[in-house]
Amino acid sequence: MVGIALLGAGIFATQEHLPAIEADSSLELKAVYSRSQKSAETLASASKNASGVDVYFDSPAVAGKSLDDLLRRGDIAAVAVVLPILTQPLVIEKAIKAGKHVLSEKPIAADVEAAKKLISWYGSLGAAAPIWAVAENFRFIESLDYAAAKVSGFGGKVATFRLQKYGFVRAEDKYFNTAWRKVPEYQGGFLLDGGVHFVAALRLLLAAGGQEIKQLACFSALLEERLLPVDTVNAVAVTQDGKSGTIAMTFGTEFKSGFEIEVVTTKGAVTWTPTSVRTATNTASGERVEEIKEFEYSSGVKQEVVAFGQAIQAGKANPLQTPAEALKDLEILQGLLKSGEGNAALTLI
C-alpha cells in the first residue's frame, strides 16, 4: 500500500477525497493537514481510522506538526492537495520537491500564466520526477465515458455542439460560505472553480469526435452581485475544423437550472447529463433510432483517486490527469473570461 496524506480540510476534501482515499485498497491514509489545528483535527476525526491518522497544521505553531514536517516523512509517498485555488501551486511545488507524488485539485492554477510556469518547472525535473496528476473528476464519470464512446462510435464529422449549465448559488450555499470563495481573489469566481468541470466534459466529448476548441467569442455578465467578479458567460466556440457551437454557463439564474452537453455529428447526436445519455442515429436502412441510458449519479472522485493510485504503481500518470490536459481546460475557461471582458472579442486558444 502507498502511504498518502490529505492536505486540506474543506468541504470537498472531507466529503469526497477522504472517503475516496479510504475506499482505495492501494492507498493508506497516514496523515492529514490543514492550516489550523482545529480543522485538521476535525478532518482526522471523520476518518474510519481516526486514531491511526496523524494531524499536521501550521496554526498554532507546534514543533513537529507543520506541513514541512509531514512532507519529511518517509512513509508518506503521495499527497492529495485539496486547498484554496491560490494556495495550491505553492504546495504542489513544495510536495514535489519533497519527492511526493501529487494529486492536486482543479483548476491547475488561478490563471494560465501561473499554470504554465508550474508545468515548465515540473518538466525541468525530468523523467525521474514524482508523478503530478491534476484531479478532474468529471473525466472519470461513467456516463461521460459512455457518451464519449457513442460519439466516437457513430463516426462522421462533428457538425455542432452545445454546453448549457444553468444554476443559482444561494447565499446559504455551503460552498459560497467559504472565505476564499466568498471574496475571490482570482478570475471568474465560481465560473473558474466550477466551470473547468464543464469545459473538461465538453472537451472530452469533442475529442471523441476529433475536435478541439480553438476560438471563442463571449459575452459575460454579473447577474447576482455577491457572485463577483462575473457569474455568467454566453459564447460561440469554434474548433480547428471551423465547426461552431455554443457555451452557456451561469451561476446566477434562480429560476432556470440544468446541465447538459450535446455533440452532433453527421452520423448521430449524443446528449449527456451526469445521469443520462440520449443518442439518435439512423440504421443502415435510414430508420431513425433514439435511445436513452440512465446512470446512477457519481462525482467521479473515487474513480480518479483509483487512477492516481494505479499511476503510482505503474510509474506513469494517467492521460486523463496530466497537467497538460488541465491546462487546456483552464485556457478555454480563461479565454471565455478574456473575451467577455472585451465584449465578445475574438480569443484564440
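The values are calculated or read from the model by the stated rules, or taken from the named source; none is laboratory data. Since this is a predicted model, take the numbers as computed values, not measurements. Cβ coordinates were reconstructed from backbone atoms using ideal geometry, including for glycine residues, and neighbour counts include every protein chain displayed. Note: accessible area is taken over every heavy atom of the protein model, side chains too, but ligands, DNA and RNA are not part of it. Shrake-Rupley method; radii C 1.70, N 1.55, O 1.52, S 1.80 Å.
Are there helices (runs of 4 or more DSSP H) fully within segment 146-238 with at least 1 residues that are open to solvent by 30 Å² or more (accessible area, probe 1.4 Å) and of a type in the set (Asp, Glu)? List them.
none
Considering only residues that are assigned to a strand (DSSP E or B) and either closer than 19 Å to GLY188 by Cβ or open to solvent by less than 10 Å² (accessible area, probe 1.4 Å) (or both), which ones fall in segment 250-261?
THR250, GLY252, PHE259, ILE261
Based on what the data block shows, is VAL277 part of a helix (DSSP H, G or I) and closer than 30 Å to PHE12 by Cα?
So VAL277 does not fit the description; no.
How many residues are open to solvent by 50 Å² or more (accessible area, probe 1.4 Å) and either touching a helix residue (DSSP H, G or I) at 6+ places or on another chain (Cβ under 7 Å) or among the acidic types (Asp, Glu) (or both) when one looks only at segment 280-289?
Of the residues in that region, 1 qualify.
Does VAL264 meet the test of being closer than 19 Å to ALA148 by Cα, at pLDDT 95 or above, surrounded by 22 or more Cβ atoms within 10 Å (Cβ to Cβ) and touching a Ser or Thr at 6+ places or on another chain (Cβ under 9 Å)?
Criteria not met by VAL264.
Please find, among ILE247, ILE292, the residue that is surrounded by fewer than 18 Cβ atoms within 10 Å (Cβ to Cβ), part of a strand (DSSP E or B) and touching a Lys or Arg at 6+ places or on another chain (Cβ under 8 Å).
Of the residues listed, the single one that is surrounded by fewer than 18 Cβ atoms within 10 Å (Cβ to Cβ), part of a strand (DSSP E or B) and touching a Lys or Arg at 6+ places or on another chain (Cβ under 8 Å) is ILE292.
Within segment 298-349, can you find the residues that are open to solvent by less than 40 Å² (accessible area, probe 1.4 Å), among the aliphatic types (A, V, I, L, M) and under 19 Å from the mean Cα position of the chain (by Cα)?
VAL301, VAL305, ALA307, ALA311, ALA317, ALA326, LEU327, LEU330, ILE332, LEU333, LEU336, LEU337
Based on this model, can you work out whether ALA311 counts as of a type in the set (A, V, I, L, M, F, W, C), closer than 30 Å to THR279 by Cα, touching a residue at least 12 places away in the same chain (Cβ under 8 Å) and not in a loop (DSSP other than H, G, I, E, B)? Give the steps one after another, and end with the answer.
Numbers: of a type in the set (A, V, I, L, M, F, W, C): yes; closer than 30 Å to THR279 by Cα: no; touching a residue at least 12 places away in the same chain (Cβ under 8 Å): yes; not in a loop (DSSP other than H, G, I, E, B): yes.
No; evaluated as a whole, the condition is false for this residue.
Tell me which residues, restricted to segment 176-224, are over 20 Å from PRO323 (Cα atoms) and in contact with a strand residue (DSSP E or B) (Cβ under 6 Å, 6 or more places away or on another chain).
Passing the criteria: GLY209, GLN215, LEU216, ALA217, CYS218, PHE219, SER220, ALA221, LEU223, GLU224.
So which strands (runs of 3 or more DSSP E) stay within segment 1-107 end to end and still have 1 or more residues that are within 29 Å of ALA326 (Cα to Cα) and open to solvent by 10 Å² or more (accessible area, probe 1.4 Å)? Show your work before the answer.
Numbers: elements: 2-7, 27-36, 54-59, 78-81, 101-104.
Per the criteria, 2-7, 27-36, 54-59, 101-104.
Scan segment 151-185 for residues that are of a type in the set (Ser, Thr, Tyr) and closer than 22 Å to THR14 by Cβ and jot them down.
Within segment 151-185, TYR175, THR178 meet the criteria.
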